[in-house]
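Asks: Submitted below is the structure of interest, expressed as C-alpha cells.
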Amino acid sequence: MTSANHRRRVVVTGLGAVTPLGLSADAFWRNLVAGVSGIGPMTLCDPSAYPCRIAGELPNFDPGQFISVKEARRMARFTQLAVAAAQMAAENARLDLNKTDRTRAAVILGNGNGGFPTIDDTMRTILEKGGMRISPFFFPMILPNMAAATVSRILGAKGISSTVVTACAASTQSIGDAAEVIRRGAADVAFAGGTEAGISELGLAGFCVMRALSGHNEDPKAASRPFDAQRDGFVPAEGAAILVLESLEHALSRGATILAEVAGYGATSDAYHPVQPEETGEGAARAIRLALTDASLTPADVDYINAHGTSTPLNDAAETKAIKLAFGEQAYRVPISSTKSMIGHALGGAGGMEAVACVKTITDGVMHPTINYQHPDPECDLDYVPNIARKKDVRVVLSNSFGFGGQNACLVFQRYEG
C-alpha cells in the first residue's frame, strides 16, 4: 500500500527524543508501552503559589553530553533539547552529513514558546540588578527560531531552515511541512519535529489564570486523564523529538533502514476562538480528511489513531466529535490512545514525541495505552486503548495535533512496503 502522490515519497529513517519518560527514543517507547507515567512534582520553578504544582519534566538531562558547557550556557533549554534530539536522530539514521549534500539538508522544527524560562529569569535580573546586567545572548536564547538555527549550525545542515509556531500543532505541522519540502524536490533530507521547555513561573501563571491546568497535585501520575470523565486540565511538560526524513531515493541510495513512510499531511484552521476548539470538531475533521486524501487512503485503512488527547474537558470532547465526523461508524472500530496521559502536554514539542510513538507503533506492532482511564464519559465513547497496551499488526497510523488559535495538523504514517 503506497501513496498515489506523484511527488517524491518521503520516509522516516531516524528517531531522536528526550522526554519525561526517558532520554532516548527507545526508553521513551519502552515506558509508554509499559504504561509508566513521567509526571511528578514540578521542580523547574517554584509552583507553591499556584493551583497546579506538577509537570512532566526531563529526568536528569545533561546538555554537556551533547554540546560544550560554553555552548550550553548560550542556549535556552528548548534549544539544548532540540540539539540533543537531532544528534540522536542522525545517529539512529546512520546519517553522515559529510557524505550528503549539506545544501539539500533541511531543518524544520516546531516550537510554541521559545525561551520562556530565560525571559522569566531575565526580567528578575532587570528588577534586581538593572537591565545592563542581563546576558548579551538574551535574544538568540529566547527567539523560537533558534532551535532550528542552532541544529542547522551544529549539524552543518545548509538547506531550508524554518520554524513552525502554531502552538500545540507546531511539531506535527513541521513534519508535514518538511515532507512537502522533500516531495517538491527542494531537499533530500530533513530534520523535523519539535521542542519545548517552557516550564517557568511565567508560563505556569499564564496557564493557571486560564484554568487550563490540572489540579490533581496529590497524585501526579494520575493527573493526566485524557477522555476520562474526571479530567480537569492538562499537565505542563517539556521535551523534544526529531525525525530524520528522506526522499525514498536518497534513503535507498545510502542503504538506510526505513522505519515508516510519511504518507499524508493535512492542516486547517477553525477560525473560531483564541484558545477553545470549535465545539463540533469540524475544523479538526477537515484536517483528518485532508491527511487521508493526501495519502490516498480511507478511514477503513487506518489501524490506529494517536490522539491529541490533552486531558482538558473541551479538547477531548471536540476531538472525539472530529474523529466521528471524519470516520463515521468506523470511529467506533479504530483504536485510539493519548501519549499525553503519560508525559503531559509539551505544547509545541508534543507532536514530535507523538510522531516517534506512531513510528514505533508501526515497527513494533504495539499500541500504547491511555493510562488513568477509569471513568467513562458519555461524550467520549470511543476505544481509547484504556490502561493496558495492545498488540496489533499496524500498517497505517493517524496522528492528530490541535493548537491554540484553532490551528490543526494531522499526519498519516504507514508501513514502508517498497
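The values are calculated or read from the model by the stated rules, or taken from the named source; none is laboratory data. Everything numeric here is computed off the predicted structure, so don't read it as measured data. Cβ sites come from the backbone with ideal geometry, for glycine too, and all protein chains shown count toward neighbours.
Asks: Of all residues being in a helix (DSSP H, G or I) and in contact with a strand residue (DSSP E or B) (Cβ under 7 Å, 6 or more places away or on another chain) in segment 205-262, which is nearest to Thr43 (Cα to Cα)? Just the residue, please. Break it down stepwise before answering.
Replies: Filtering segment 205-262 down to residues in a helix (DSSP H, G or I) leaves 205-209, 220-222, 248-253.
Still in the list and also in contact with a strand residue (DSSP E or B) (Cβ under 7 Å, 6 or more places away or on another chain): 207, 220, 248, 250-251.
Values: Phe207: 17, Pro220: 13, Leu248: 43, His250: 44, Ala251: 42 Å.
Filtering first and then ranking leaves Pro220.
Asks: Residue under question is Ala271, and the condition is that it be touching a Leu at 6+ places or on another chain (Cβ under 9 Å) and either within 30 Å of Ala148 (Cβ to Cβ) or not in a strand (DSSP E or B) (or both); does it hold? Spell out the reasoning first.
Replies: Values: touching a Leu at 6+ places or on another chain (Cβ under 9 Å): no; either within 30 Å of Ala148 (Cβ to Cβ) or not in a strand (DSSP E or B) (or both): yes.
Against the criterion (touching a Leu at 6+ places or on another chain (Cβ under 9 Å) and either within 30 Å of Ala148 (Cβ to Cβ) or not in a strand (DSSP E or B) (or both)), Ala271 does not qualify.
Asks: So in segment 282-302, with the set limited to residues that are assigned to a loop (DSSP other than H, G, I, E, B) and among the β-branched types (Val, Ile, Thr), which one is surrounded by the fewest Cβ atoms within 10 Å (Cβ to Cβ)?
Replies: Pass one, segment 282-302, residues assigned to a loop (DSSP other than H, G, I, E, B): 295-298, 302.
Of the ones still in play, those that are also among the β-branched types (Val, Ile, Thr) are 298, 302.
Values: Thr298: 12, Val302: 27.
Looking at residues that are assigned to a loop (DSSP other than H, G, I, E, B) and among the β-branched types (Val, Ile, Thr), I get Thr298.
Asks: Looking at (1) farther than 30 Å from Gly185 by Cβ; (2) touching a residue at least 60 places away in the same chain (Cβ under 8 Å); (3) more than 25 Å from the chain's Cα centre (by Cα), which is the only condition Thr100 fails?
Replies: Checking Thr100 against (1) farther than 30 Å from Gly185 by Cβ; (2) touching a residue at least 60 places away in the same chain (Cβ under 8 Å); (3) more than 25 Å from the chain's Cα centre (by Cα), the one that fails is (1).
Asks: Among Glu279, Glu319, which is the only one that is out of contact with any Leu (no Cβ under 9 Å at 6 or more places or on another chain) and either modelled with pLDDT under 95 or part of a helix (DSSP H, G or I) (or both)?
Replies: On the way: Glu279 fails: out of contact with any Leu (no Cβ under 9 Å at 6 or more places or on another chain).
Step by step, each of Glu279, Glu319 is checked, and only Glu319 is out of contact with any Leu (no Cβ under 9 Å at 6 or more places or on another chain) and either modelled with pLDDT under 95 or part of a helix (DSSP H, G or I) (or both).
Asks: Now for a separate question. Here is a list: Ala17, Ala76, Ala55. Which entry is assigned by TED's automatic domain parsing to the domain that holds Cys208, out of contact with any Lys or Arg (no Cβ under 8 Å at 6 or more places or on another chain), closer than 27 Å to Glu218 by Cβ and among the hydrophobic types (A, V, I, L, M, F, W, C)?
Replies: Working: Ala17 fails: closer than 27 Å to Glu218 by Cβ; Ala76 fails: closer than 27 Å to Glu218 by Cβ.
Sole residue among the options that is assigned by TED's automatic domain parsing to the domain that holds Cys208, out of contact with any Lys or Arg (no Cβ under 8 Å at 6 or more places or on another chain), closer than 27 Å to Glu218 by Cβ and among the hydrophobic types (A, V, I, L, M, F, W, C): Ala55.
Asks: Then there is this: Could you check how many residues of segment 7-36 are of a type in the set (Gly, Ala, Ser) and free of Cβ contacts under 8 Å to residues at least 12 places away in the same chain? Walk me through how you get there before you give the answer.
Replies: Our first condition is that a residue be of a type in the set (Gly, Ala, Ser); within segment 7-36, this holds for 14, 16-17, 22, 24-25, 27, 34-35.
Keeping just the survivors that are free of Cβ contacts under 8 Å to residues at least 12 places away in the same chain gives 27.
Result for segment 7-36: 1.
Asks: So, one more: What single numbered condition from (1) under 19 Å from Thr166 (Cα atoms); (2) modelled with pLDDT of 95 or more; (3) touching a Pro at 6+ places or on another chain (Cβ under 9 Å) fails to hold for Leu292?
Replies: (1)
Asks: When both residues are 6+ apart or on different chains and their Cβ atoms are under 7 Å apart, which pairs have a first residue that lies in segment 119-132 and is within 22 Å of Ile199 (Cβ to Cβ), and a second that is in a helix (DSSP H, G or I)?
Replies: Ile119/Ile142; Ile119/Leu202; Asp120/Glu201; Asp120/Leu202; Thr122/Phe138; Thr125/Arg133
Asks: Another question, then. Take segment 120-144 and flag every residue that is crowded, with 18+ Cβ neighbours inside 10 Å and not in a helix (DSSP H, G or I).
Replies: Once the filter is applied, which keeps residues that are crowded, with 18+ Cβ neighbours inside 10 Å and not in a helix (DSSP H, G or I), segment 120-144 yields only Pro144.
Asks: Using beta carbons and a limit of 7 Å, which pairs, at least six apart or on different chains, have the first residue in segment 283-306 and closer than 15 Å to Ala260 by Cβ and of a type in the set (S, T, N, Q) and the second one part of a helix (DSSP H, G or I) and modelled with pLDDT of 95 or more?
Replies: Within 7 Å, the pairs are Asn306/Glu354; Asn306/Ala357; Asn306/Cys358.
Asks: I've got another one for you. Considering segment 259-274 alone, what residues qualify as being under 23 Å from Val397 (Cα atoms) and surrounded by fewer than 18 Cβ atoms within 10 Å (Cβ to Cβ)?
Replies: Residue satisfying the conditions is Ser269 alone.
Asks: From the list Gly418, Gly349, pick out the single residue that is outside any strand (DSSP E or B) and over 18 Å from Glu261 (Cβ atoms).
Replies: So the residue among Gly418, Gly349 that is outside any strand (DSSP E or B) and over 18 Å from Glu261 (Cβ atoms) is Gly349.
Asks: Specify the residue that is nearest to Thr257 (Cα to Cα); the eligible residues are those in segment 368-392 that are part of a strand (DSSP E or B) and touching a helix residue (DSSP H, G or I) at 6+ places or on another chain (Cβ under 6 Å).
Replies: To start, the set of residues in segment 368-392 that are part of a strand (DSSP E or B) comprises 370, 377, 380, 386, 390-391.
This time we only want the ones that are touching a helix residue (DSSP H, G or I) at 6+ places or on another chain (Cβ under 6 Å), so: 370, 380.
Details: Thr370: 30, Cys380: 38 Å.
The residue in question is Thr370.
Asks: Is one or more of the residues making up segment 174-189 among the hydrophobic types (A, V, I, L, M, F, W, C) and part of a strand (DSSP E or B)? Talk me through it step by step, then tell me what you get.
Replies: First, the residues of segment 174-189 that are among the hydrophobic types (A, V, I, L, M, F, W, C): 175, 178-179, 181-182, 186-187, 189.
Then drop every residue that is not part of a strand (DSSP E or B), which leaves 189.
Yes, because at least one residue in segment 174-189 is among the hydrophobic types (A, V, I, L, M, F, W, C) and part of a strand (DSSP E or B).
Asks: Here is a follow-up. Only one of (1) touching a Ser or Thr at 6+ places or on another chain (Cβ under 8 Å); (2) touching a residue at least 12 places away in the same chain (Cβ under 8 Å) fails for Pro140. Which number is that?
Replies: Among (1) touching a Ser or Thr at 6+ places or on another chain (Cβ under 8 Å); (2) touching a residue at least 12 places away in the same chain (Cβ under 8 Å), Pro140 violates only (1).
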